[in-house]
Amino acid sequence: MAENENKFTFENEEYRRTYWHTCSHVLAQAVKRLYPEVKLAIGPSIDNGFYYDMDSPFPFTPEIMEKIEAEMRKICKEKLKLERFELPREEAIRFMEEREEPYKVELINDLPDDVPISFYRQGEFTDLCAGPHLDSTGRIKGNAIKLTACNAAYWRGDSNRQTLQRIYGIAFPKKEELDAYLERIEEAKRRDHRKLGRELGLFAFRDEAPGFPFYLPKGMVLRNTLIDYWRRVHKKWDYVEIMTPQIMKRSLWETSGHWDHYKDNMYTTVIDGEDFAIKPMNCPGTILVYDLEPHSYKDLPMRCAELGIVHRHELSGALHGMFRVRCFTQDDAHILLAKEQITDEVVRIVKLFDEVYSVFGLPYTIELSTMPEDHIGTVEDWDIATNALANALTSIGKTYVINPGDGAFYGPKLDFHIEDSLGRTWQCGTIQLDYQLPGRFNLEYVGADGEKHCPVMIHRGVFGSI
Ligand SMILES: [Zn+2]
Ligand SMILES: [Zn+2]
């Protein structure tokens, strides 16, 4: 009984999603009433509200968004029934062609044969949609709808295709709930790290270098304080510090696999007629350091820490202050060790993490990510590695949740999540086991048995980045 009653309240996620999705239809209807020339793409619900992507010859300014909101309120008052109907493929295409909606035609063309092509009609407006929806626009509280933002978005997320405008909105069954939500958003804006960074004189961004931060004098004081602390901790835990080159030859990145699997995220250049890449990760550099000399089992684990400046190409639309940049300093470390040392070493790393996070007063939760579908290495190796991580955690009384199939393609990993002042969680530290990279570079050590063995590599960062 209780469950049934719950089903049609806003606390029920499915109902909330349906409510918001119906709002996106109302948004599309309002836009088409006011600006019939605008073409519609897609309009789903999201975790926090809804959006609709549209192809418009003019930008949706705040004034226009207000007009659209007013029209949405009218549509809610009109209490239009939502009626579902299906059409055979040819008729469905003709239906959308007549309405000059090329994006909808493309969507219909891409629908698999066995899926019914359904439409929802509300008043004079009809949208292609699988549903479900509320049964009437009258169920939506018109004065508790707010269009919150408008951003650029690529059609089908493809940067080679049309740039559309995405109108975001939020809605609640009560005006007070909307007001409380908007107040929370305002609070987030007041705490926006980009604004604070500038006001406190910590860092800045300029159009001349999108995604590449400028550290200001006070920011450098903070940064250097973090780095001094980082050096003290790592010295205490028996790490050595190295620094490897920013730019290295293509052949290195081919051996490491980055040239094949990560090239789109790498900046490249040509020196003396040869291809080079700016490092997106520090691991291959560390491997070249290991490979300078022969090693015996007595040298292991070899713990190399590096404050590695890495460059990664991110699409301009994905950039977001310090949260998503194209250049950052990883507080990286790579540990080369024998398989049988993994559990002890992971325990040691977790203790180091504990020490650091307790200094900052940051509670954390741990996720263990297991073998993804697309992986290299044998299932046996994966099992051994995953168990080693799990055993290390349980041996020191740490709890964790399993994130199935979310490991890196070369090995399982532990991610440490921390919470910010607005209750959002962020992945901070990571410990990744890697059975593959040392093998790609034919790394060796001489074991106690006098035979040559390939070491395992652990990638780990405790801050994540400076
Ligand atoms: Zn729909
Ligand atoms: Zn690495």
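Taken together, the values in this text are just the output of simple stated rules run on the coordinates, not laboratory data. Nothing here was measured: the structure is a model prediction, and the numbers come from that model. Backbone-built Cβ (ideal geometry, glycine too); neighbour counts: all protein chains shown.
Rounded, prolate or oblate: which fits segment 104-167 when a ≥ b ≥ c are the square roots of the eigenvalues of the alpha-carbon gyration tensor, with rounded for a/c under 1.5 and prolate only if a/b beats b/c?
Note, shape of segment 104-167 comes out oblate.
Express the Stokes-Einstein translational diffusion coefficient of segment 336-466 in µm² s⁻¹, to the nearest whole number, given a Kirkwood radius over alpha-carbon pairs, 25 °C and a viscosity of 0.890 mPa s.
Answer, rounded: 158 µm²/s.
What is the ratio of the Cα radius of gyration of segment 277-319 to 2.2 N^0.38 Å, where N is its residue count, to two decimals?
The value comes to 1.64.
In the structure displayed, which of K189/K413; K146/K218; K32/K77; K67/K141; K39/K189 lie more than 27 Å apart, Cα to Cα?
K189/K413; K146/K218; K39/K189
For helix 175-190, report the angle its Cα long axis makes with the longest principal axis of the Cα atoms of the chain; keep it between 0 and 90° and round to the nearest 10°.
On a 0 to 90 degree scale, this one is about 40.
Rounded, prolate or oblate: which one fits the chain, using the alpha carbon gyration tensor with axes a ≥ b ≥ c (rounded when a/c is under 1.5, else prolate when a/b beats b/c, else oblate)?
Here the chain falls in the prolate category.
Based on the Cα atoms of segment 2-190, what semi-axes does the equivalent ellipsoid have, where each is the square root of 5 times one gyration tensor eigenvalue, given in whole Å with the largest first?
26, 21, 16
Normalised by the residues of the chain, what does the relative contact order come to in percent, with Cα pairs under 8 Å and at least six apart?
Relative contact order here is 10 percent.
For a quick check of your reading of the filter: which trypsin sites (Lys or Arg not before Pro) in segment 47-148 sit in a DSSP loop and have no more than 11 other Cβ atoms within 10 Å?
Passing sites in segment 47-148 do not exist.
Hey, what do the phi angles of segment 219-228 turn into as Karplus ³J(HN,Hα) couplings, whole Hz, using 6.51/-1.76/1.60 and θ = phi - 60°, x for Gly and Pro?
Computed from phi, the couplings for segment 219-228 are x, 5, 4, 4, 4, 5, 5, 4, 5, 4 Hz.
Based on DSSP H runs of at least 4 residues, each adding -39500 (n - 2.57), what is the mean residue ellipticity at 222 nm of the chain after dividing by all its residues, to the nearest 500 deg cm²/dmol?
Mean residue ellipticity, 222 nm, calculated: -11000 deg cm²/dmol.
Measure nothing but the geometry: give the 0 to 90° angle between the long axis through the Cα atoms of 62-77 and the longest principal axis through the Cα atoms of the chain, rounded to 10°.
Between the helix axis and the principal axis of the chain, the angle is about 60 degrees.
I need the fraction of alpha carbon pairs in segment 365-435 separated by more than 21 Å, rounded to a whole percent.
Here the tail beyond 21 Å accounts for 26 percent of pairs.
Rounded, prolate or oblate: which one fits segment 279-357, using the alpha carbon gyration tensor with axes a ≥ b ≥ c (rounded when a/c is under 1.5, else prolate when a/b beats b/c, else oblate)?
It is oblate, given that a/c is not under 1.5 and a/b is not larger than b/c.
I'd like the orientation of helix 379-395 relative to the chain: the angle between its Cα long axis and the longest Cα principal axis, in ° from 0 to 90, rounded to 10.
The two axes meet at around 90 degrees.
If you take all C-alpha pairs in segment 212-257, what percent of them are over 15 Å apart?
Here the long-distance tail beyond 15 Å is 67 percent of all Cα pairs in segment 212-257.
Among F323, V346, T269, which residue has its Cα positioned farthest towards the positive end of the charge dipole of segment 267-354, with +1 placed on the Cβ of Lys and Arg, -1 on the Cβ of Asp and Glu, and the dipole taken about the Cα centre?
Of the options given, the answer is F323.
Could you list the square roots of 5 times each eigenvalue of the Cα gyration tensor of segment 127-196, that is, the equivalent ellipsoid semi-axes, sorted largest first and rounded to whole Å?
They are 25, 25, 8 Å, listed largest first.
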